[in-house]
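One structure below.
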Amino acid sequence: MKNLKIDDFSRIVHVTDPQITQDGEKLAFTVIRPMLKENRYKYEIWVVNLKTQETTYIISSRKKEHTPRWSPSGKKLIFISRRGFKRKDKGNAIYLTVLAGEPRLVARRKEGFEQIKFLNENEIIALSPTPIRKVDEEEDYVDIRDLPPWFDKSGFIDEYRTQIFLIDVRSGQTKQLTKSEGNITFIEPSNTGDKIAYIKEVDWRNPLKTEVRILNIKTGEDYQVVEPKYNFRSVGWSPNDKHLVLHGNDIRRGLSSHNHIWITKIEEKATPINLTEKLDRNTNPAISCDILGPHRTYSPPQWRKEDIYFIVNNGGRGHLYKVNLNREIKPTLTGEFAIFNFNISKDGEKIALMKVDSETPTELYLYENKENKLTQITHFNNWFKKEIKISKMHNVKVKVSDGKEVEAWYIEPINKKKEKSYPAILFIHGGPKSSFGPVLNFMHQLMAANNYYVLLINPRGSDGYTEEFADIREHYGERDYKDIIETLNQLLKIIPNIDKEKLGVTGISYGGFMTNWIITQTNMFKAAVSENGIADWIADFWSSDIGYYFDPDQIGSTPIDNIENYTRQSPVYYVKNVNTPVLLIHSMEDYRCFIDQSLAFHIALKFYNKESRLIIFNKGSHGHSVLANPRHRKKRYKIILEYFNEKLAN
């Protein structure tokens, strides 16, 4: 067995978006392979017979096939592809296969389709951005009138609103069903195929408040079910189509609120009922994992017979739970792992899921409810455990100064010797409402393979614990910072082989913010790498795609009405305190934490004669560390590793 090398990231196959037929006989899913030499990803769709576990059909081209969805009968499969598009062409197309011969084109659109779903055996519904006014065809300018002007990974969006479309599978005829002033964010057809439940944004000034509506395809009736008092992410139907299941929250703690499972009747202005209120955990898998691949998918709650299934974040562990109408909550599948996707057969007996543990990259599994049996279906990454030395994750729970418990993990250097001491890198997750857990991260294992300790902490603000624990609104850099430093000091006592004079710190997004904050507050770190993070909340309010509503919620009010809050929580105004060498990494196409953040910090540091270096990747969104092309990702790994090697003399 060998130590992990940088190029090994490109050998990891990403398996995602499992879709099981209603009868539980077949499974379709997306397979993504990094092609380092060609600097691209190869997308495939695989179909497996769940009785024999044999692969029966593969869709593969150079045109990015993904999002497979079954017809009610399980005889037809649609998917999204860029077949027929040139490299610079915008948009995508819907293709259909009957699992024999070549797939055929159903419909294509330059604005692209998303959330494709069968309404019935011969009709599809989908979402697509639609111009709300005349758009300059030569793309020499954009006409911005509302907010946000742009969105991460999408670019300029204000000239468009996402609408529902109906597509005939046989003729390809496409019909726009809605003309909503706000974006429609989620759609779900009823089991009878005559209605569509959907979620809609009603006010760009406060996109957290969403409206739930039902559209009757036959009559054209379109009515409100739930008023815009809640923040719902998805909607689904009960088996008898008399109720809706909703996934979201009542915004009682703003963006720190936990998502719950709600139900409501399908009558006008119904009041939703929270079935999981007593479960003080988030029902979203907000868990840090850098091996999920460039195509991330969301699995909404799924109602089968008397139970609604959903994922719960338990301290960085993604577990599958179920709840019934009596509000009885029971775990279905738990353990030292994280489930990120799942899909259930109509009878609720077979559950296809994608999970990751601390030693195994993404694979698909079949859980059989009656037998309580879990079977691994895919084996794309068997090579990883056979060939690569993996350093185990050690779980630690410590009490901090205010009596609260904080959970942490540490990973030892692969070839650790008892008599030697080693440098350590403290990683800080994004969010802040995210978490570390017993989940494989390539970057962590890469550092361990290069003789570093890796330290991971879930401070206040993290997901996976109580809603109160996650709520640090208007107090960034306070209790979260104390939790990190106090837990770190206890880890340094627990782990004698760490060289306390060779500590590094790094993080992305909120982790970048906290890295910036830490080096303005303490000199205990000898090197820092801050990626796509926040330095100046004032600038973030003006430039971020979500800044105009995220910052008032998290930082407090606006820079105009509360400049003190914004400066008090901004690292850039404390740069005179910095004595730690820092490497700032940012991507030019990051519209979440705009490039001006790292520029501001770098300029301020250099102006006051501090040691700072700035790397700007010319391409890449906010999540470029995991979403960018393979060559980009390889260079990033190399830059970070070499910087810590240099500064910590490893």
- Alpha carbon centre of the range 380-394 versus the range 196-235: separation in Å? 45 Å
- In whole Hz, the Karplus estimates of ³J(HN,Hα) for the range 261-273 (6.51, -1.76, 1.60; θ = phi - 60°; x where Gly or Pro) are 9, 10, 10, 8, 6, 8, 7, 5, 6, 7, 9, x, 10
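How about the range 19-82: which GluC sites (Glu not before Pro) there are in a DSSP loop, with at most 12 other Cβ atoms within 10 Å of their Cβ?
Working: sites: GLU25, GLU38, GLU44, GLU54, GLU65; in loops: GLU25, GLU38, GLU65.
Sites meeting the loop and neighbour criteria: GLU38.
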- Task: Just grab the label-to-label distance for ILE560 and LYS88, each label 7 Å out from Cα along the Cβ direction, in nm (one decimal).
- Result: 4.1 nm
- Item | Distant-in-sequence amide H partners of TYR453 (H built 1.01 Å from N, under 5 Å) | ALA424, ILE425
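What number comes out for accessible area per residue over the range 395-472 if the probe is 1.4 Å? Units Å², please.
Numbers: 2360 Å² over 78 residues.
Counting only protein heavy atoms, the per-residue value for the range 395-472 is 30 Å².
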- Query: Residue-wise, which Karplus ³J(HN,Hα) couplings in Hz belong to the range 203-218, taking 6.51 cos²θ - 1.76 cosθ + 1.60, θ = phi - 60°, and x for glycine or proline?
  - Reply: 8, 4, 5, 9, x, 5, 7, 10, 10, 9, 10, 10, 10, 8, 5, 6
- Per DSSP, the loop-located trypsin sites (Lys or Arg not before Pro) within the range 161-221 having at most 14 other beta carbons within 10 Å are ARG170, LYS179, ARG205, LYS218
- Can you tell me the accessible area per residue over the range 516-584, all protein chains present, probe 1.4 angstrom, in square angstrom? 31 Å²
- Task: Quick one: which residues, 5 or more positions from ALA107 or on another chain, have an amide H under 5 Å from its amide H? H modelled 1.01 Å from N in the peptide plane, none for Pro or chain starts.
- Result: ILE94
- Query: Taking the simple approach of a point 7 Å from Cα along Cα-to-Cβ for both GLU137 and LYS420, what is their distance in nm?
  - Reply: 6.6 nm
- Counting Lys +1, Arg +1, Asp -1, Glu -1, what net charge surrounds TYR465 among other residues with beta carbon under 10 Å of its beta carbon? -3
- Task: Pick out, from PRO72, LEU27, LEU4, the residue whose Cα sits farthest towards the positive end of the charge dipole of the range 1-75, with +1 on the Cβ of Lys and Arg and -1 on the Cβ of Asp and Glu.
- Result: LEU4
- Long-range Cα-Cα pairs in the range 213-312 (distance over 19 Å), rounded percent: 48 percent
- Which residues' amide hydrogens lie under 5 Å from the amide hydrogen of ASN314, considering only partners 5 or more residues apart or on another chain, with H built in the peptide plane? HIS319
- Could you tell me which chymotrypsin sites (Phe, Trp or Tyr not before Pro) in the range 57-146 are loop residues by DSSP with no more than 13 other beta carbons within 10 angstrom of their beta carbon? TYR141
- Message: What three numbers, in Å, describe the spread of the alpha carbons of the range 51-93 along their principal axes, ordered from the longest?
- Response: 42, 22, 12
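Ratio of alpha-carbon Rg to the 2.2 N^0.38 Å globular estimate for the range 82-147, to two decimals, please.
On the way: Rg = 15.3 Å, N = 66, 2.2 N^0.38 = 10.8 Å.
The value comes to 1.42.
Treat every Asp and Glu Cβ in the range 1-124 as -1 and every Lys and Arg Cβ as +1, leave all other atoms uncharged, and give the resulting dipole magnitude about the Cα centre to the nearest 20 debye.
Numbers: 26 positive and 15 negative charges, 157 e Å.
I would put it at about 760 debye.
Which whole-number value in Å² is the accessible area per residue of the range 203-307, probe 1.4 Å? Walk me through the intermediate numbers first.
Values: 4440 Å² over 105 residues.
For the range 203-307, the per-residue accessible area is 42 Å².
Share of the chain's accessible area from carbon and sulfur, percent, 1.4 Å? Mind dumping the intermediate values first?
On the way: 12330 of 26570 Å².
The value for the chain is 46 percent carbon and sulfur by accessible area.
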- Among the Cα-Cα pairs of the chain, the proportion with separation greater than 47 Å, in percent, is 13 percent
- Message: Net charge within 11 Å of ARG296 by Cβ-Cβ distance, Lys/Arg positive one each and Asp/Glu negative one each, not counting ARG296 itself?
- Response: 0
- Query: If you plug each phi of the range 79-84 into the Karplus form 6.51 cos²θ - 1.76 cosθ + 1.60 with θ = phi - 60°, what whole-Hz ³J(HN,Hα) values come out, in order, with x for Gly and Pro?
  - Reply: 7, 9, 8, 10, 4, x
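State to the nearest 20 debye the size of the charge dipole of the chain about its Cα centre, where the only charges are +1 on K and R beta carbons and -1 on D and E beta carbons.
Values: 95 positive and 84 negative charges, 445 e Å.
For the chain, the charge dipole is close to 2140 debye.
The values are calculated or read from the model by the stated rules, or taken from the named source; none is laboratory data. Predicted, not measured: the structure shown is a model, and the values here were computed from it. Here Cβ is always computed from backbone atoms with ideal geometry, including for glycine, and neighbour counts include all displayed protein chains. These accessible areas exclude ligands, DNA and RNA; they are computed on the full protein's heavy atoms, side chains included. Shrake-Rupley method; radii C 1.70, N 1.55, O 1.52, S 1.80 Å.
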